[in-house]
Amino acid sequence: MSTRESMPYDLVIVGGGPAGLAAAIRAKQQAAVMGVEISVCILEKGSEIGAHILSGAVVDPRALDELLPEWRTMDSPMTVPVTENHHWILTEDKCREFPHGLLPPFMNNKGCYTVSLGNLCRWLAGQAEALGVEIFPGFAAAEVLFNEDGSVKGVATGDMGVARDGSHKPSYQPGLELHAKYTFFAEGVRGHLSKQLISRFALDSDSDPQIFGIGLKELWDIDPAKHVPGKVIHTQGWPLDEANGGGFLYHQANGQVALGFSVWLNYANPYLSPFDEFQRWKTHPAIKAILEGGRRVSYGARAINDGGWQSVPKLAFPGGALIGCAAGFVNVPRIKGSHTAMKSGMMAADAAVDAIASQRGHDELAAYQDAYKKSWVYDELRMVRNTLPAVEKFGNFIGTGIAGITMWMEYLGYGLPFTMKNHPDWKSLRKKRDSKPIAYPKPDGVYSFDKLSSVFISNTNHEEDQPVHLKLKDPEVPIRVNLPLYDEPAQRYCPAGVYEVVGEETGEPRFQINAQNCVHCKTCDIKDPSQNIVWVVPEGGGGPNYPNM
């Protein structure tokens with residue numbers, strides 16, 4: 001066994017997304033105000049900051065205004081304010097505009113910006129480093145370390161240079177231990193370590209199960225004559241008829257549009273393919289007209305926290321805290337979560353710096369939990385807590401109407417005296433015998449594409465000779481259980497062609513995992529009806545390399 005080296009810090013942050021970077025910046029700012037020195041480091045599993053960041057994104061600058069009030073004069077990438085808001089209701093060949101005046105004012109995007117969230121994170125990383133934060137990209141936190149009293153001691157990065165069979169290659173290097181007084185887990189949706197901590201400390205014992213969607217996104221260069229910087233379009237309806245979700249199209253900087261499609265993972269038909277629904281959506285006449293003459297330049301996918309207020313777990317535990325999407329602060333009706341993620345990191349940082357200045361460490365940051373309950377994040381999520389469950393329960397048409405009424409009532413101060421429940425997504429699939437197969441059109445190579453060509457432009461890369469990071473609790477379940485009952489839905493819910501059933505024509509089907517295709521969306525860890533797939537981190541630096549998603 002190799003001995004791992006260790007490095008001590010006051011604060012270690014796992015994940016270099018909006019929450020982790022905001023926490024690091026705030027910690028350094030608060031330490032300076034209080035006249036104390038603290039050491040802060042960020043571990044990022046992607047090859048660089050932003051490599052694994054994927055979002056729409058239309059960003060509410062509220063948290064950034066608090067964190068860096070002068071950001072507008074600091075060469076930030078947030079340069080395109082929203083200029084137009086549109087909500088389209090699609091049928092197969094028609095598009096109807098939904099009047100924005102029927103929505104509560106908080107649903108308006110006035111004052112928001114459309115931007116590459118990856119580029120915003122790169123810029124935030126520069127601000128953090130200027131304050132003395134140490135950032136280590138390409139290092140995946142693979143293990144939580146604990147003190148003898150059960151509190152979190154820190155994390156260990158994964159070993160490098162391990163072959164698929166577990167042997168050590170000539171390039172082998174043992175992982176590194178990072179010890180901290182407090183460790184923040186900002187891994188994003190369905191974080192590998194966060195999931196373990198939620199279970200170990202029973203952080204979800206008083207909350208609903210977290211529920212999810214999958215978001216798929218492409219970046220297109222379009223005809224300059226059609227480009228309207230700041231124009232924001234959201235769609236509802238076609239092509240989904242057996243699931244909830246919708247599309248978005250944002251006119252961003254440099255003549256590009258970011259467009260994408262989300263599908264809630266509570267869908268029931270095992271034959272549904274979120275990727276193919278996205279490709280079909282782009283062939284709608286209203287969407288096609290915008291893309292005509294354009295060129296697709298990037299693709300990616302990521303799970304989204306949809307649970308909202310009632311699914312936020314307890315945030316603090318001895319020695320650490322969950323921040324950002326590791327906990328789940330997305331405001332689903334507003335289709336925004338970056339501002340709430342950043343604010344959560346800032347609140348956690350305030351609590352940690354106060355504790356460190358008082359010579360504390362490895363205890364529970366109760367002040368963070370208290371701050372959350374008094375914050376605008378809490379109020380914002382509570383106001384829309386019944387929106388998604390209403391649509392889930394009553395369907396797209398009636399449910400959307402009921403959801404709108406609940407939002408108006410909350411906005412006007414007539415708060416509802418109840419909170420609707422969330423239910424685990426993996427339990428929602430029907431058996432294949434009760435479901436109708438879906439015949440998706442073949443990709444045309446102009447507007448719609450296949451999975452493998454899409455993965456290619458996500459710049460996804462993994463070292464092939466390494467242990468498979470998609471673990472099966474029972475290798476027999478995919479063929480013995482999932483195939484006869486559900487026609488093995490992993491073949492369709494995965495947006496990257498990772499899972500295949502091969503050899504069916506010979507009568508000897510075999511479940512094949514193409515782990516090198518994985519874009520780290522985590523959908524398999526969420527939607528598998530047998531809960532048999534466990535996503536763990538691969539070797540650091542692996543996965544997608546999104547340029548400006």
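Some observations on this one:
- Enumeration of residues in the range 355-408 that are surrounded by fewer than 16 Cβ atoms within 10 Å (Cβ to Cβ), over 27 Å from residue 154 (Cβ atoms) and acidic (Asp, Glu): 379
- Every condition in (1) without any contact (Cβ under 8 Å) to a residue 24 or more places away in the chain; (2) over 30 Å from residue 251 (Cβ atoms) holds for residue 208 except the one numbered (1).
- Within the range 251-263, the set of residues being closer than 18 Å to residue 292 by Cβ and surrounded by fewer than 23 Cβ atoms within 10 Å (Cβ to Cβ) comprises 255, 256.
- Neighbours by Cβ (under 8 Å, 6+ apart or cross-chain): first from the range 249-268, closer than 30 Å to residue 422 by Cβ; second open to solvent by 30 Å² or more (accessible area, probe 1.4 Å) and among the aliphatic types (A, V, I, L, M): 262/304
Each row is one residue, and each column tells you yes or no for (1) surrounded by fewer than 18 Cβ atoms within 10 Å (Cβ to Cβ); (2) within 26 Å of the chain's Cα centre (by Cα); (3) not in a loop (DSSP other than H, G, I, E, B).
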{"site": "50", "(1), (2), (3)": "no, yes, no"}
{"site": "79", "(1), (2), (3)": "yes, yes, no"}
{"site": "89", "(1), (2), (3)": "yes, yes, yes"}
{"site": "92", "(1), (2), (3)": "yes, no, no"}
{"site": "101", "(1), (2), (3)": "yes, no, yes"}
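- Subset tally (residues that are open to solvent by less than 20 Å² (accessible area, probe 1.4 Å) and more than 18 Å from the chain's Cα centre (by Cα)) for the range 11-41: 9
- Tallying residues that are surrounded by fewer than 18 Cβ atoms within 10 Å (Cβ to Cβ) and out of contact with any Pro (no Cβ under 9 Å at 6 or more places or on another chain) within the range 459-480 yields 8.
- In the range 282-302, residue farthest from residue 214 (Cα to Cα) [restricted to those that are surrounded by fewer than 14 Cβ atoms within 10 Å (Cβ to Cβ) and not charged (D, E, K, R)]: 293
- Search result, residues across the range 409-458 that are part of a helix (DSSP H, G or I), open to solvent by 80 Å² or more (accessible area, probe 1.4 Å) and either modelled with pLDDT under 95 or farther than 24 Å from residue 212 by Cβ (or both): 411, 433, 452, 456
- Residue in the range 115-138 that is open to solvent by less than 10 Å² (accessible area, probe 1.4 Å) and in a strand (DSSP E or B) present: no
- The set of residues in the range 223-247 being hydrophobic (A, V, I, L, M, F, W, C), in a loop (DSSP other than H, G, I, E, B) and more than 21 Å from residue 112 (Cβ to Cβ) consists of 238, 240, 243.
- Residue pairs meeting the criteria (Cβ under 7 Å; at least 6 apart or on separate chains; first more than 19 Å from residue 135 (Cβ to Cβ) and of a type outside the set (A, V, I, L, M), in the range 178-196; second open to solvent by less than 10 Å² (accessible area, probe 1.4 Å) and in a loop (DSSP other than H, G, I, E, B)): 190/522
- Restricting the range 52-76 to residues that are open to solvent by 40 Å² or more (accessible area, probe 1.4 Å) and in contact (Cβ under 8 Å) with a residue 12 or more places away in the chain, the residue that is nearest to residue 287 (Cα to Cα): 62
- Candidate set from the range 229-245 (those that are in contact with a Ser or Thr (Cβ under 8 Å, 6 or more places away or on another chain) and open to solvent by less than 10 Å² (accessible area, probe 1.4 Å)); member that is nearest to residue 304 (Cα to Cα): 232
- Residues that are acidic (Asp, Glu) and in a strand (DSSP E or B), drawn from the range 471-524: 500
- Any hit, the range 146-159, residues being of a type in the set (Lys, Arg), in contact (Cβ under 8 Å) with a residue 40 or more places away in the chain and either touching a strand residue (DSSP E or B) at 6+ places or on another chain (Cβ under 6 Å) or crowded, with 17+ Cβ neighbours inside 10 Å (or both): yes
The values are calculated or read from the model by the stated rules, or taken from the named source; none is laboratory data. These figures come from a predicted structure and were not determined experimentally. As a convention, Cβ positions derive from the backbone with ideal geometry for all residues, glycine included, and neighbour counts pool all protein chains shown. The area values use the complete protein model at the heavy-atom level, side chains included, leaving out ligands, DNA and RNA. Shrake-Rupley method; radii C 1.70, N 1.55, O 1.52, S 1.80 Å.
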